[in-house]
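Okay, structure first, notes after.
Since every read-out is calculated from the coordinates, none of them should be taken as a lab result. If you're wondering where the values come from, they're calculated on a predicted model, not measured in any experiment. Quick reminder, even Gly has a Cβ in these numbers, built from the backbone with ideal geometry, and neighbours come from all protein chains shown.
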Amino acid sequence: MQVTDTLTARRRFLQPFSGQALDPPPVWLMRQAGRYLPEYRETRSEAGGFLDLCYTPRLAAEVTLQPIRRYGFDAAILFSDILVVPDALGQGVRFAEGEGPVLEPIRDVAALKRLDLSRTQEKFALVWETVARLRQDLPCETALIGFCGAPWTVATYVVEGHGSSDQGEARRWAYRDPAGFQRLIDILCEASIGYLEGQVAAGADVLQLFDSWSGSLADDQFDAWVIRPTARIVSTIKARHPHVPIIGFPRGSASLLADYLARTGVDGVSCDTSCPLPVMKRTAETGRVVQGNLDPLLLVAGGDALDARVDAIRAAMSGQRFIFNLGHGIVPETPPAHVARLVERVRRKL
Ligand code: 1CP
C-alpha cells in the first residue's frame, strides 16, 4: 500500500501491527546503541562497568537516544541487557572487559535456591525508570521497544555461566532432569513477565523477546523450552495489555517458524540472516509482522553490495507488514557512515 507523508506523523512503527503495510518500511537495527558509536564509548566509560550503565537511568537513556539523534530510526530500543534478569534474581553477573558476561553457573535444582523472585524489584525499578525517562525524551514519532531475553536463551547463560557455542550444559540438564530444568524456566518466565509488565507500565510501546540460542534445539526441545514458555509470557502479558504488540526472535529456527507463530501468540517475528526471503514473505502473508534480516557483516562491508541487498529485501517484502532490520545485532567494527547509508537506502522511493 502506498502511504502518504501524513501517516509519518505519529509512531509509524506501530502501523504494521494494525494491519498496515508501509512503503518505505519502518526501520530500526538490533544493537543500534553500542560500541560502533564513539558517543556510546564515551558514555560507557563515564558509567564504569557495563551493568552500571544499564542501572543508571540517566546514562542508559542517553545511550538509547544516541542512535535516534544520529539516524532518526522509527523505534528506539531500551538500553539494557538480557542478563539483567538473572542479575536481579541474585545470581550475580559481571561483564569482564573484552570477554562478555560471566555468571556463577547454576547446574542443578539445588542451586536454584540462589535465585530469589522476591528481590527483583530493586534492580528492575532502575530499568523502568529508564523507560519512563525515554518516553518523555523521545520524539513523539519514535516508538519505544522494551525487551527481555526469552527463558531458554537466558537459561543458557544461567547454566553455562558465559556465552557458549553449543549451549551444551543447558541442553544436558534439560535432558537429564526435565522437571528440574522446568523449574528454572518457570522462575525465568515469572521474572520476565514482571519485568516486561513494568516496562509497559513505564511507557514501552512494543516488546521483543530475544531467543538468540533457540536454533540449537531439537524440535521436541524447541517445543518445551521455546514455544511453551514464550506462549506463557505472551498470554499473560496479552491478558493485561492486549494492545501492546510482541515480537519474537527465535534465531536460527526458520524451519520451525510456522509452529512458533501458530502457538506462541506473538504479533510479529524477527527473522535472522539465514531465513530465506520467500519464507519471510510467506510468513508475512499469514498476517504477522515480519522484521529482518540484512546480514550485519554486509553492513560492515558497505558499498554497492549493501545497497543491492537492501533493495532486494525491500522488493521481496513490498506490500507486506514489514519492518526493516538486521538478522542479528550490529557488530562493533561497523562504520557509522554505513548505517547512515542503510537508513537512507531503506527510505528511498523504489
Ligand atoms: O562492552 C559493551 O559495551 C557491551 C556490549 C553489549 C551491549 C551494547 C552487551 C554485552 N549488551 C549490550 C546491549 C544489549 N544487549 C541490548 C541493547 C539494546 C540495543 O539493541 O541497542 C540488547 C537488546 C541486548 C540483548 C542481548 N544481550 C542478547 C540478545 C540479542 C543477541 O545479540 O543475540 C544477548 C545474547 C545478550 C548477551 C550479551 N550481552 C553482551 C554480550 C557481549 C552478550 C553476548 C555474550 C555471548 O554470548 O558471548
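Protection proxy ranking of 206-213, 178-185, 32-39, 95-102, by the mean of other Cβ atoms within 10 Å over each peptide's residues and highest first, is 206-213, 32-39, 178-185, 95-102.
Simple point charges give the picture: +1 on the Cβ of Lys and Arg, -1 on the Cβ of Asp and Glu, and for segment 6-346 a dipole about the Cα centre of about 620 debye. Put simply, when 304-310, 167-173 are sorted by average Cβ atoms within 10 angstrom per residue, most first, you get 167-173, 304-310. When the charge dipole of segment 6-346 is built from unit charges on Cβ atoms (+1 for Lys and Arg, -1 for Asp and Glu) and taken about the Cα centre, the candidate among Ile330, Pro178, Gln320 whose Cα reaches farthest toward its positive end is Gln320.
Database remark: amide H of Val269 closer than 5 angstrom to the amide H of Gly248, Val289, Val290, Gln291 (H placed geometrically; neighbours at sequence offset of 5 or more, or on other chains; Pro and chain starts carry no H).
Packing, as the average of other Cβ atoms within 10 Å across residues, places the peptides 271-278, 60-67, 316-323 in the order 60-67, 316-323, 271-278, highest first. Spin-label model, Cys140/Tyr175: points 7 Å from Cα along the beta carbon direction are separated by 5.7 nm. Return the unpartnered cysteines for the chain, using a Cβ-Cβ cut-off of under 4.7 Å. Cys54, Cys140, Cys148, Cys189 - these cysteines have no disulfide-compatible partner (Cβ-Cβ under 4.7 Å) in the chain. Which of the aspartates and glutamates could be linked to Lys238 by a straight reach, that is with a Cα gap under 15 Å, when you skip same-chain ones fewer than 8 residues away? Leaving aside aspartates and glutamates fewer than 8 places away in the same chain, those within reach of Lys238 are Glu190, Glu197, Asp205, Asp267. Principal-axis analysis of the Cα atoms of the chain puts helix 228-240 at an angle of about 70° to the longest axis.
Distance between the C-alpha centres of segment 278-321 and segment 103-167: 29 Å, rounded to the whole angstrom. Our coupling estimate for segment 132-142, obtained by passing each phi through the Karplus curve with A = 6.51, B = -1.76, C = 1.60 and θ = phi - 60°, is 4, 4, 5, 4, 6, 8, 6, x, 5, 7, 9 Hz, Gly and Pro reported as x. How charged is the neighbourhood of Arg288? Take every other residue with its Cβ under 14 Å from the Cβ of Arg288, and add Lys/Arg as +1 and Asp/Glu as -1. Within the 14 Å Cβ shell, the charges total +1. Using C-alpha pairs below 8 Å separated by at least 6 residues, the relative contact order for the chain is 21 percent. Close amide H contacts of Leu144 (hydrogens built in the peptide plane, cut-off under 5 Å, sequence separation of 5 or more or a different chain): Ala76, Asp205, Val206. Give the Debye-formula value of log10 I(q)/I(0) at each listed q (0.07, 0.09, 0.15 Å⁻¹), with one equal scatterer per alpha carbon of segment 6-346, two decimals each. Result of the Debye calculation: -0.26, -0.44, -1.36.
Please work out how much length the chain gains when fully extended from Asp186 to Glu333, using 0.36 nm per residue of separation minus the C-alpha to C-alpha distance, in nm with one decimal. Intermediate values should be presented prior to the final figure.
Numbers: separation 147, 0.36 × 147 = 52.92 nm, distance 3.74 nm.
Separation in residues times 0.36 nm, less the Cα-Cα distance, equals 49.2 nm.
Check Gly149: other-chain or 5+ apart residues with amide H under 5 Å from its amide H, H built from backbone geometry? The list, which skips near neighbours in sequence, is Phe210.
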